[in-house]
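Chemist: Before we start, here is the structure in question, set down as structure tokens.
The values are calculated or read from the model by the stated rules, or taken from the named source; none is laboratory data. None of the values given here were measured: they were computed from a predicted structure. Positions of Cβ are generated from backbone atoms using ideal geometry, with glycine treated the same way; all protein chains shown enter the neighbour counts. SASA here: full protein model, heavy atoms, side chains in, ligands and nucleic acids out. Shrake-Rupley method; radii C 1.70, N 1.55, O 1.52, S 1.80 Å.
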Amino acid sequence: GDQVEQSPSALSLHEGTDSALRCNFTTTMRSVQWFRQNSRGSLISLFYLASGTKENGRLKSAFDSKERRYSTLHIRDAQLEDSGTYFCAAASSSFSKLVFGQGTSLSVVP
Amino acid sequence: EAAVTQSPRNKVAVTGGKVTLSCNQTNNHNNMYWYRQDTGHGLRLIHYSYGAGSTEKGDIPDGYKASRPSQENFSLILELATPSQTSVYFCASGDECHQDTQYFGPGTRLLVL
């Protein structure tokens, strides 16, 4: 079936630094959604993209509009509260069914 | 006010027992989903529904049934619970107007002894 490969699996950042997370898809995807899971386990939706890029504060996400085979999430000026596990989830031709990546565990340290 | 709620939030069950996890959404979305989350696997789709009365198998449906008696409610049923079904279960809702965007509940932690 459709696969979503997320990298890195774990990441440690110092406050104030920038980094990027990536999801590769084994097949063409129609859209991608990014989530952050906090320490209580709640899934918070960050972005939904069917194409192009979206930005919200220090977060920016992009979805490869040409081949639709990867997406990125950029974190600028990382803060302690950015710590958590980040998931991407993509939808293919099967209507609205999301396939999740395995997550990136992000730890922001002083 | 939370739009997708789940109950119970925590559950301990015995092997062979029946477990019902409930989900309620006030988004008026047609589509609802049940996922489980295990370490190293991310979230995996168990069952989903396009509307009241419909249930569809997801990627890992074995050992689970689902019921959608109304637009607002979607239940996940474990007729004979097994320890391998110990996991965190998430419900989500979504509709065609927002394409593939899904909104998640807070999760239910299930421990099967």
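Chemist: When the stretch A:1-56 is examined, which residues are found to be acidic (Asp, Glu), more than 21 Å from residue B:34 (Cα to Cα) and in contact (Cβ under 8 Å) with a residue 24 or more places away in the chain? Even if it seems obvious, please write down each step before you answer.
Modeler: We begin by selecting, within the stretch A:1-56, every residue acidic (Asp, Glu); these are A:2, A:5, A:15, A:18, A:55.
From what is left, the residues that are more than 21 Å from residue B:34 (Cα to Cα) are A:5, A:15, A:18, A:55.
Scanning the stretch A:1-56 gives A:5, A:15, A:18.
Chemist: Please count how many residues of the stretch A:8-26 are open to solvent by 40 Å² or more (accessible area, probe 1.4 Å) and within 13 Å of chain B (Cβ to nearest Cβ).
Modeler: Here the count works out to 2.
Chemist: Ok, one more. Residues being surrounded by fewer than 22 Cβ atoms within 10 Å (Cβ to Cβ) and in a strand (DSSP E or B): count how many of those fall in the stretch A:85-99.
Modeler: Within the stretch A:85-99, residues that are surrounded by fewer than 22 Cβ atoms within 10 Å (Cβ to Cβ) and in a strand (DSSP E or B) number 1.
Chemist: Select, from B:15, B:5, the only residue that is modelled with pLDDT of 95 or more, hydroxyl-bearing (Ser, Thr, Tyr), open to solvent by 70 Å² or more (accessible area, probe 1.4 Å) and in contact with a strand residue (DSSP E or B) (Cβ under 8 Å, 6 or more places away or on another chain). Even if it seems obvious, please write down each step before you answer.
Modeler: Working: B:5 fails: open to solvent by 70 Å² or more (accessible area, probe 1.4 Å).
When all the criteria are applied, what remains is B:15.
Chemist: Please determine, by comparing only the residues of the stretch B:28-84 that are without any contact (Cβ under 8 Å) to a residue 40 or more places away in the chain and among the basic types (Lys, Arg), which one is most open to solvent (accessible area, probe 1.4 Å).
Modeler: Of everything passing the filter in the stretch B:28-84, B:57 is most open to solvent (accessible area, probe 1.4 Å).
Chemist: Within the stretch A:69-76, does at least one residue satisfy the condition of being within 14 Å of another protein chain (Cβ to nearest Cβ) and not aromatic (Phe, Trp, Tyr)? I'd like the intermediate steps shown before the answer.
Modeler: As a first pass, look at the stretch A:69-76 and keep what is within 14 Å of another protein chain (Cβ to nearest Cβ): A:71.
Restricting the remaining residues to those that are not aromatic (Phe, Trp, Tyr) gives A:71.
There is at least one residue in the stretch A:69-76 that is within 14 Å of another protein chain (Cβ to nearest Cβ) and not aromatic (Phe, Trp, Tyr).
Chemist: OK, next. Residue by residue through the stretch A:27-39, note down the ones that are more than 8 Å from chain B (Cβ to nearest Cβ) and either in a loop (DSSP other than H, G, I, E, B) or open to solvent by 50 Å² or more (accessible area, probe 1.4 Å) (or both). First the steps, then the outcome.
Modeler: Let us first name the residues in the stretch A:27-39 that are more than 8 Å from chain B (Cβ to nearest Cβ), namely A:27-29, A:32, A:34, A:36-39.
Across the stretch A:27-39, the qualifying residues are A:27, A:28, A:29, A:38, A:39.
Chemist: To continue, here is another question. I'm told residue A:65 meets every condition in (1) under 20 Å from residue B:36 (Cβ atoms); (2) part of a loop (DSSP other than H, G, I, E, B); (3) free of Cβ contacts under 8 Å to residues at least 24 places away in the same chain; (4) hydroxyl-bearing (Ser, Thr, Tyr) except one. Can you identify the failing condition by its number?
Modeler: Exception for residue A:65: condition (1).
Chemist: Kindly check whether there is at least one residue in the stretch B:39-62 that is among the β-branched types (Val, Ile, Thr), within 27 Å of residue A:6 (Cβ to Cβ) and under 15 Å from the mean Cα position of the chain (by Cα).
Modeler: Of the stretch B:39-62, the ones among the β-branched types (Val, Ile, Thr) are B:39, B:46, B:55, B:60.
Next, only the ones that are within 27 Å of residue A:6 (Cβ to Cβ) stay: B:39, B:46, B:60.
Those left that are additionally under 15 Å from the mean Cα position of the chain (by Cα): B:46, B:60.
Checking the stretch B:39-62: at least one residue is among the β-branched types (Val, Ile, Thr), within 27 Å of residue A:6 (Cβ to Cβ) and under 15 Å from the mean Cα position of the chain (by Cα).
Chemist: Here's another thing I want to ask about it. Can you tell me how many residues within the stretch B:85-112 are surrounded by fewer than 16 Cβ atoms within 10 Å (Cβ to Cβ), in a strand (DSSP E or B) and more than 14 Å from the chain's Cα centre (by Cα)?
Modeler: Of the residues in the stretch B:85-112, 1 are surrounded by fewer than 16 Cβ atoms within 10 Å (Cβ to Cβ), in a strand (DSSP E or B) and more than 14 Å from the chain's Cα centre (by Cα).
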